[in-house]
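Here the structure comes first, spelled out in structure tokens, and everything after it is commentary.
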């Protein structure tokens, strides 16, 4: 006699997975704000003066938030893929996943470089030497604004294209995604505070995913 085995059940994405995007957006926005407050002139601040303790503290707290922002970003990307489902385009899905991973790695690299400058190569409680601070700050600043934000632009663009082609995102959100892509590609490295566009877009998309998940949860018992 053959015994029938019950079919395997696929794992279901938690309905609160979209909340990870909200947490990521808030953490990244807080890190960007603290970094801008600590280094208001950007990478060129080192040519005028050394950072005072208050600004160094702001930069330190910003760097502390970056690893947690990266962790929640991965959960956010997973929530987006779950919302897309099995009908995703393989080409766009590869670009989406690759840009998200490269963005996370680049953001971590920028934070690690800045942390190394703050914590090494100088006595405790003192500012780093001018050449060390100059190199480290320019290196971290270029990684974040020149590379990480452009990878974020590719992530936003691929997500918006997937949402537009499959019709799973509202038109206003896809249009906002394309506009955010242009800002992150061509403006973020030149205009201060422009990088806040990425966490702003992530927050709106996450709120939409949470709302959709809530509507599906309430509609399931009725059906």
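The values are calculated or read from the model by the stated rules, or taken from the named source; none is laboratory data. Computed from a predicted structure; not experimentally measured. Cβ sites come from the backbone with ideal geometry, for glycine too, and all protein chains shown count toward neighbours.
Values for this structure:
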| read-out | value |
| --- | --- |
| Residue tally, condition at pLDDT 95 or above and surrounded by fewer than 21 Cβ atoms within 10 Å (Cβ to Cβ), over the stretch 152-161 | 1 |
| When residues of the stretch 78-91 are limited to those that are in a helix (DSSP H, G or I) and at pLDDT below 75, the one surrounded by the fewest Cβ atoms within 10 Å (Cβ to Cβ) | 86 |
| Residue 214 at pLDDT below 85, out of contact with any helix residue (DSSP H, G or I) (no Cβ under 7 Å at 6 or more places or on another chain) and surrounded by 14 or more Cβ atoms within 10 Å (Cβ to Cβ) | no |
| Selection count where residues are touching a residue at least 60 places away in the same chain (Cβ under 8 Å) and surrounded by fewer than 18 Cβ atoms within 10 Å (Cβ to Cβ), scope the stretch 67-77 | 0 |
| The stretch 176-188 - residue that is surrounded by fewer than 19 Cβ atoms within 10 Å (Cβ to Cβ) and at pLDDT 95 or above and, of those, nearest to residue 150 (Cα to Cα) | 182 |
| Residue in the stretch 162-175 that is within 14 Å of the chain's Cα centre (by Cα), surrounded by 15 or more Cβ atoms within 10 Å (Cβ to Cβ) and at pLDDT 85 or above present | no |
| Residue list for the stretch 183-207, filter: outside any helix (DSSP H, G or I) and in contact (Cβ under 8 Å) with a residue 24 or more places away in the chain | 188, 189, 192, 193 |
| Any hit, the stretch 195-207, residues being over 18 Å from the mean Cα position of the chain (by Cα) and surrounded by fewer than 17 Cβ atoms within 10 Å (Cβ to Cβ) | no |
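Yes or no, residue by residue, for (1) modelled with pLDDT of 85 or more; (2) under 29 Å from the mean Cα position of the chain (by Cα):
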{"position": "93", "(1), (2)": "yes, yes"}
{"position": "98", "(1), (2)": "yes, yes"}
{"position": "102", "(1), (2)": "yes, yes"}
{"position": "109", "(1), (2)": "yes, yes"}
{"position": "112", "(1), (2)": "yes, yes"}
{"position": "115", "(1), (2)": "no, yes"}
{"position": "120", "(1), (2)": "no, yes"}
{"position": "127", "(1), (2)": "no, no"}
{"position": "131", "(1), (2)": "no, no"}
